[in-house]
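Undergrad: Here's a structure for you.
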Amino acid sequence: MPKIIMTGGGSAGHVTPNIALMPTLTDMGFEIEYIGSRDGIEKKLIEAQGIPYHGISSGKLRRYLSLKNFTDPARILKGMSQAKKILKDLQPDIVFSKGGYVSVPVVYAAASLGIPSIIHESDMTPGLANRLCFKKAHKICCNFPETVSLLPAEKAVLTGSPIRKELFSGTREEGLALCGFKGEKPVLMVIGGSLGAVRINQQVRSSLPEILKTFDVVHICGKDNISDDHKDLPGYAQFEYLQKDLRHIFAISDIVISRAGANAICELLALKKPALLIPLPSSGSRGDQLLNAASFEKQGFSMVLREEEMDDDSLVNAVNKLYSERQALKDKMESAPGSDSIGIITELIKDTLSE
């Protein structure tokens, strides 16, 4: 039985594509184990899948001044040593990395042991962790056609993003029951990512008096972000994070407010959900979400509202416009070329092992 080590973490976006691949890899006869950080969100998500999990030391790769820039290199080196020991013990045939800073020690350790690695880049422009792994990777998968030219030509493979099949199996009945909605109003879903989005959370709640006149709102607000002041508000349901039940929330959602992380917007495209994208501004990121959102807006899949332009009026107006033009966005998404991302990536894994 071939063995694969999967890695990636720091946010759910670096984990859920791995989870999407797992059922097919299992059907192909792979034994799967996972290396992630000791206390990252990936630990809980992977253990929920029943996959053996190995935690290592990890440090964040920062572009800004911080005292941790002086201590984290030691953590990364320690993580590399730990990853190398785990790989020696487990003897995998291949490594698949979804990125995030915890993946760097794993890919480097695999290269030192002669174990091939395939990495996946979700965003239009490659992140720092994946860029550091380019030389060590056997192949580099990506989501956007624009990304191919930014990758080593002999390694680049346009695959799209693996989407969890379970997301397509939600039911309206269970979604309404989860939220306590009667189904009399259209449903607006708000999701800011696994860690939440403070600015979006604040603005949505500030705008609720006007939004709730037209919509029921289900708000996935991130860990520790439940608002006690809004717990009993009719037509408003809050959740920190949803995994298995997320499919039912998608099933009842007519329109969506979302950040513009690549995995999130690829899920919205696959599910044909009209969305208002509020990308993380460049002041709080490397600007990848701005590029992702611009690409989806240009293709007619989504609308975009810049965070710095967001207030009560602009958000309410954008939501109403999104709902009124939702069918045009759906039509564009229906005509988008589909790709069997899971099939392409798992075949790439199989082909790499046969080389």
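Undergrad: What number goes with the only condition from (1) farther than 28 Å from residue 22 by Cβ; (2) touching a Leu at 6+ places or on another chain (Cβ under 9 Å); (3) at pLDDT 95 or above; (4) not in a strand (DSSP E or B) that residue 276 does not pass?
TA: Among (1) farther than 28 Å from residue 22 by Cβ; (2) touching a Leu at 6+ places or on another chain (Cβ under 9 Å); (3) at pLDDT 95 or above; (4) not in a strand (DSSP E or B), the lone unmet condition for residue 276 is (4).
Undergrad: Another question, then. Assuming residue 225 fulfils every condition listed in (1) at pLDDT 90 or above; (2) under 24 Å from residue 326 (Cβ atoms) apart from one, which condition is it?
TA: For residue 225, the exception is condition (2).
Undergrad: Something else: Among the listed residues 204, 190, 218, identify the single one that is of a type in the set (Val, Ile, Thr), buried (at least 20 other Cβ atoms within 10 Å of the Cβ), assigned to a helix (DSSP H, G or I) and under 23 Å from the mean Cα position of the chain (by Cα).
TA: Details: 190 fails: assigned to a helix (DSSP H, G or I); 218 fails: assigned to a helix (DSSP H, G or I).
After applying the criteria, what remains is 204.
Undergrad: At negative phi and modelled with pLDDT under 85, is that true of residue 68?
TA: yes
Undergrad: A further question follows. Within segment 311-355, take every residue that is among the hydroxyl-bearing types (Ser, Thr, Tyr), modelled with pLDDT of 95 or more and surrounded by fewer than 15 Cβ atoms within 10 Å (Cβ to Cβ) and give me the one that is farthest from residue 2 (Cα to Cα). Walk me through it before giving the result.
TA: Initially, segment 311-355 is screened for residues among the hydroxyl-bearing types (Ser, Thr, Tyr), giving 314, 323-324, 335, 339, 341, 346, 352, 354.
In the following step, the residues that additionally are modelled with pLDDT of 95 or more were identified as 314, 323-324, 346, 352.
Within this subset, residues satisfying the condition of being surrounded by fewer than 15 Cβ atoms within 10 Å (Cβ to Cβ) are 314, 324.
Values: 314: 53, 324: 51 Å.
For segment 311-355, the residue satisfying everything is 314.
Undergrad: For segment 207-222, name all the residues that are among the small types (Gly, Ala, Ser) and at pLDDT below 95.
TA: Initially, segment 207-222 is screened for residues among the small types (Gly, Ala, Ser), giving 207, 222.
Within segment 207-222, 222 is the sole residue that qualifies.
Undergrad: Which of the residues that make up segment 82-107 are hydroxyl-bearing (Ser, Thr, Tyr) and either at pLDDT 95 or above or over 25 Å from residue 140 (Cβ atoms) (or both)?
TA: The first filter runs over segment 82-107 and keeps only residues hydroxyl-bearing (Ser, Thr, Tyr), leaving 97, 101, 103.
Correct list: 97 only.
Undergrad: Taking segment 283-305, which residues are of a type in the set (Ser, Thr, Tyr) and in a loop (DSSP other than H, G, I, E, B)?
TA: In the first step, residues of segment 283-305 are kept if they are of a type in the set (Ser, Thr, Tyr); the result is 283, 285, 295, 302.
Scanning segment 283-305 gives a single hit, 285.
Undergrad: Taking only pairs six or more apart or across chains, which ones have beta-carbon atoms under 8 Å, a first residue in segment 315-336 that is on the phi > 0 side of the Ramachandran plot and in the same structural domain as residue 268 (by TED's automatic domain parsing), and a second residue that is surrounded by 11 or more Cβ atoms within 10 Å (Cβ to Cβ) and modelled with pLDDT of 95 or more?
TA: Hits for this filter: zero, empty list.
Undergrad: Could you list, in sequence order, all residues of segment 79-133 that are outside any loop (DSSP other than H, G, I, E, B), small (Gly, Ala, Ser), over 21 Å from residue 39 (Cβ atoms) and in contact (Cβ under 8 Å) with a residue 24 or more places away in the chain? If you could, list the steps in order and put the result at the bottom.
TA: Restricting attention to segment 79-133, the residues satisfying the condition of being outside any loop (DSSP other than H, G, I, E, B) are 79-90, 94-97, 103-112, 117-121, 128-133.
Checking which are small (Gly, Ala, Ser) leaves us with 79, 81, 83, 97, 103, 109-112, 117, 129.
Going one step further and asking which of them are over 21 Å from residue 39 (Cβ atoms), we end up with 110-112, 117.
Across segment 79-133, the qualifying residues are 110, 111, 112.
The values are calculated or read from the model by the stated rules, or taken from the named source; none is laboratory data. Since this is a predicted model, take the numbers as computed values, not measurements. Positions of Cβ are generated from backbone atoms using ideal geometry, with glycine treated the same way; all protein chains shown enter the neighbour counts.
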